[in-house]
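Okay, structure first, notes after.
The values are calculated or read from the model by the stated rules, or taken from the named source; none is laboratory data. What you see is a predicted model, and the numbers here were worked out from it, not measured in a lab. Positions of Cβ are backbone-derived with ideal geometry, glycine not excepted, and every protein chain shown enters the neighbour counts. Accessible surface is based on the protein model in full, side chains and every heavy atom, while ligands, DNA and RNA are left aside. Shrake-Rupley method; radii C 1.70, N 1.55, O 1.52, S 1.80 Å.
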Amino acid sequence: MFRSLHMKLMLIMTLLIISLMTVVGAFLVNSVAGYYLEQFYSQMQTVFQNDPEFYHDLENADPEEPSGPQQLDQMLRARAGDLGVDGLSRNYYVLDGTTGAYLAGSNDVEGVSLPLTHNLSAALTGEVGDDSDPTAAYMDVAIPVTRGNRDYVVYIKDSKQEVQSLTGQLVILILEALAFGIAISVLLSFLLSKTLITPIERLTEGAEEVAAGDFSHKIEVDSRDEIGVLTSTFNDMARQLQSTLQEVENERNKLGTLFLHMTDGVVAFSQHGEIIQSNPAAEEMLDRSLPIGGEVGYTALFGDIAPLRDALEPGALGFLAASRELGGRSLELLLAPFDRDHQAGVLVVIHDVTERNKTEEMRKEFVANVSHELRTPLTNIHSYAETLVDSAGALPPDMEKSFLNVILSESERMAHIVQDLLTLSRFDSGKSELNLAPFSLAEAIETMVNANRLEAERHGHSLTLELEPGLPRITADRERITQVMMNIVSNSIKYTPDGGEIHVSAGKTGEHRVWLEVSDNGIGIPMADRERIFERFYRVDKARSRESGGTGLGLSIAKEIVDQHQGTIAIVDKVAPGLTVRVELPVEGPAHGPA
């Protein structure tokens, strides 16, 4: 009930009025009582102490007076007005100065039963009893008087009836004022609470809408006071918060997209080793599912590299590095804590370096192959040239010519290797541009076959050609495509035993692709070596390749050229002995081929 600000304000105002009226009432009541008390003793002092003639008359008796108490009674009755004696609430009494017995007075009924008060006791001992007691239910003064050789006590007593009556009326007045004040305070507090709470309620509704994610609602500003400033500030805050949340959401979306699609694997662990985040790349590299909060944790995944405690405190470097071989992959791991001061958790970044290591191995093998390929002809050239120099003029002309032919052949072989390397280098650097132009594929194939026919006949091969009718013109670099076909046919001629069969065929696939196949019945390529046949310097039988003058670069160059044309080159599986190489190219050029 009292959780409402309306009720709290009303209760506070009501309690304030009640407290104020209570304090004021207590002050008034005490003031009235004190006033009457002070007036009583002041009045008594004026009569008995400040009027020495009256006091002299009280103590000096006439020798012929019949009775002292009667005379005192008459004298006190004559001064009743000055003493304030009314016979009701205030009376005077003449008492025996020794026993305190009632002798005369203004109220005989009460006189015979007067209680022995403190002031009365003092007067019986000869002292003036004029001590005031605000807590007592009466006011009294006792004056010892000696008259005619006899001791009397003049005793004035006020029962405070008038004070009590006035106090009662004052309390009633205060209660009536209190009731009226409470009614007014309730009304004013209600109006005040409405004035104050209505904008607060609007602010509360606006805050609830902002908390629910709705930033479009604007609170109306009805005043320029502190609440109006607060309302305006709240509207500005809501707009700023909306803008900030939009920026945070955009950043979160960007980071989430980056996190999901980055090639490196990332796994985040809590300080207790539980998975709190991971991306698909990490699951692929680790070859397992990584559910958030699952049973699989840091210890199971990377506990063999370093305990979780060491990963949270990696030392001066700030991270731990490790490597792992998993499922044929070479992985590099980087373990680093995030929010290191509070040890919130560990972030593990996984790099797949399989291709990098493979490329490094291929680079080393490439350098070794180039060195070996160039060293062999250089050694031959050096040996024959050295023999000619040492035996200048001593060798028969036929032998000298033979040596010079070897030197020339090896030089041509070196030049061919260097030319192939330069071609591959241009492909790698992207500086090799295609001279695209439309040409007749059928005519280019026939020209290529005719150019190789003499070499095929020298080995006793049967070289045949079969073209599908209506072979379209294609857009390509004719010189490069011819080089591809020459390399394939040349390999068939070289690696087919003398007297073999080589068949060249071509056709189209649909409206947008053409194909070329070169098939032979030679030594073929084992299945284990077919995946690597297009690698640079790769040869199945290195000795036989060198004997036939091969460098191991022909098919690599062919694949690079075909890839530039957005085509495909592959070895076709066949049951019969020999080898079939198939090339497919887009009819309308590389820009229209598959990406």
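Just a few scattered comments:
- Dipole in debye (nearest 20) - segment 13-130, about Cα centre, beta carbon charges: Lys, Arg +1; Asp, Glu -1: 720
- Protection proxy ranking of 138-149, 295-306 - average other beta-carbon atoms within 10 Å, highest first: 138-149, 295-306
- Treating each Cα of segment 1-139 as one equal point scatterer and applying the Debye formula with no solvent, the log10 of I(q)/I(0) at q = 0.15 Å⁻¹ comes out as -0.85.
- Distance in nm between pseudo-label sites at residue 201 and residue 50 (7 Å out along the Cβ direction from Cα): 6.5
- If only the Cβ of Lys and Arg carry +1 and only the Cβ of Asp and Glu carry -1, the dipole of the chain around its Cα centre is close to 3200 debye.
- Nearest 10 degrees, 0 to 90: helix 5-48 Cα axis against the chain principal axis: 20
- Our note on the geometry: Cα centres of segment 92-147 and segment 170-245, 68 Å apart.
- Calculated over the chain: convex hull of Cα atoms, volume per residue (Å³): 382
- 3J(HN,Hα) from dihedral phi, segment 278-285, Karplus parametrisation 6.51/-1.76/1.60, rounded to Hz, x for glycine, proline: 7, 10, x, 4, 5, 5, 5, 5
- For segment 323-338, 3J(HN,Hα) per residue [Karplus equation, 6.51 cos²θ - 1.76 cosθ + 1.60, θ = phi - 60°, Hz, x = Gly/Pro]: 9, 7, 9, 8, x, x, 9, 9, 10, 10, 10, 10, 10, 9, x, 10
- Exceeding the 27 Å Cα-Cα cut-off - candidates 508/559; 358/574; 401/559; 254/559; 494/559: 358/574; 401/559; 254/559
- Across the options 353, 141, 46, the greatest Cα extent toward the positive end of the charge dipole of the chain (unit charges at beta carbon of Lys, Arg, Asp, Glu) belongs to 353.
- You can think of it this way: the chain between residue 243 and residue 527 has 96.0 nm of extra reach, that is 0.36 nm per residue less the Cα-Cα gap.
- Summarised in one figure, the compactness ratio Rg/Rh of segment 131-177, Cα atoms and Kirkwood Rh, is 1.29.
- 0 to 90° range, to nearest 10: angle between helix 161-211 axis and the chain longest Cα axis: 10
- Rounded percent of accessible protein surface that carbon and sulfur make up, the chain, 1.4 Å probe: 56
- Whole-Hz ³J(HN,Hα) from phi, Karplus 6.51 cos²θ - 1.76 cosθ + 1.60, for segment 557-562, glycine and proline x: 5, 4, 5, 4, 5, 5
- Sorting 158-165, 34-41 by average packing, meaning the other beta carbons within 10 Å per residue, from highest down gives 158-165, 34-41.
- Applying 1/(1 + (r/R0)^6) with r as the Cβ-Cβ distance of residue 375 and residue 411 and R0 = 22 angstrom yields a FRET efficiency of 0.95.
- Heavy atoms of the protein chains alone define the surface here; on that basis segment 17-151 has 55 Å² accessible area per residue at 1.4 Å probe size.
- Here residue 317 and residue 367 are evaluated by their C-beta separation; at R0 = 35 Å the FRET efficiency comes out at 0.55.
- Rounded to the nearest 10 degrees, the angle from helix 226-261 to the longest Cα principal axis of the chain is 20 degrees.
- Shape box of segment 193-273 [Cα atoms, principal axes, largest first, Å]: 61, 28, 17
- Highest mean first, the peptides 228-237, 50-59, 513-522 sorted by other C-beta atoms within 10 Å per residue fall in the order 513-522, 228-237, 50-59.
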